[in-house]
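Q: My questions all concern the structure below.
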Amino acid sequence: MKKVSLLVLLAILASTLLMAAIPTTIVRLTIINKSGYDVYMKLEGSSVTQGFYYLTVPSGDRDIPTVKVFTIMTDLYKRTTWQCNGTKSTGTLIVDGNLRLTFTPCGERACTWDAVTLQLWGCEKNLLTEVTTTHRIAGEPRMEKVTYFRYLSYGGPSWDSAYLYTGFWNFGCGTWYYRIRTYRLPYGCAWYYQY
């Protein structure tokens with residue numbers, strides 16, 4: 001009888017230690033899709049949790065957004081996102097608490113900080129808007145706006161930066177450069193959703 005009790009006690013102790021070894025904090029990840037296209041996100045967790053999630057959010061727009069709430073474990077995830085009709089981006093997603101990600105309409109620029117005039121452009125239909133904070137596009141805590149798309153830029157070439165151009169057009173007497181660029185927000189280390 002003592003051997004059976006000892007075995008049961010050891011089994012309970014072993015299961016308790018195994019459960020304590022892996023952090024199992026569960027949080028909510030809310031994705032708000034206003035992009036006009038479906039959003040797909042693949043999250044691959046660290047070797048500690050070995051979490052793997054493939055999240056799908058149907059298309060929504062600014063007037064009628066699609067909101068999905070997912071329950072995931074806290075971790076530092078390797079992220080792959082497909083948005084704006086298949087545009088793929090990679091990076092990390094830091095999940096250490098409840099988080100909301102808003103995917104903005106595709107091709108629409110978010111606010112742009114002008115370092116010379118210390119003002120934001122583009123927040124109110126491209127009208128100049130004064131702000132009192134230096135935190136870019138400050139909003140609600142733990143909510144981030146995600147923007148990612150490619151666009152064509154062109155103009156008269158500056159030969160000092162010719163290595164940046166994708167190619168050149170020659171029309172009659174003039175030469176024009178073109179360059180495929182990427183617009184993405186948020187950027188920097190102060191964000192949970194990182195490129």
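Q: Can you say whether residue 61 is closer than 21 Å to residue 147 by Cβ, modelled with pLDDT under 95 and of a type in the set (Asp, Glu), as far as the supplied structure shows?
A: Yes: the conditions hold for residue 61.
Q: Do you know which residues across segment 35-63 are among the β-branched types (Val, Ile, Thr) and closer than 12 Å to residue 105 by Cα? Even if it seems obvious, please write down each step before you answer.
A: From segment 35-63, those among the β-branched types (Val, Ile, Thr) are 39, 48-49, 56-57; that's our starting set.
The answer is 39, and nothing else.
The values are calculated or read from the model by the stated rules, or taken from the named source; none is laboratory data. Worth saying up front: this structure is predicted, and the values here are computed from it rather than measured. Cβ coordinates were reconstructed from backbone atoms using ideal geometry, including for glycine residues, and neighbour counts include every protein chain displayed.
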